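Report on the structure given below.
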Amino acid sequence: MLALTSRLGLPASIASKLCASGELRARLVSEALSILASKRIKGSPRSIAALAIYAAARKLGLHILREQVAEAAGVSITTMRRGRELAGGEQRG
């Protein structure tokens with residue numbers, strides 16, 4: 001499991017590049033941390049955080065593309081596609 005500082009820092013860093021609103025960013029990070037706590041996935045801390053942010057955005061009904069999260073997190077789009085099960089299916093978005 002990620003160290004606590006990585007778990008908090010990476011999702012917040014990625015979310016800050018995607019959301020201008022502080023309240024929306026806080027909801028996104030909170031949901032991502034919930035997802036991280038409930039799922040066990042393997043990968044680099046950055047890719048895990050990116051996948052959690054994308055899954056959280058989907059769960060909250062935010063229109064944030066995989067490509068946008070990949071760019072904000074500095075991970076490949078292939079990494080984002082790998083996490084479809086975490087994001088709730090294979091829908092494109």
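Please treat every number below as a calculation from the coordinates, not as lab data. On a predicted model such as this, the values are computed, not experimentally measured, just so you know.
Report the far tail of the P(r) of the range 4-86, meaning the percent of Cα-Cα pairs longer than 18 Å. Within the range 4-86, distances greater than 18 Å cover 28 percent of Cα pairs. Maximal additional length on extending the I77-S44 stretch stands at 10.4 nm, based on 0.36 nm per residue less the C-alpha distance.
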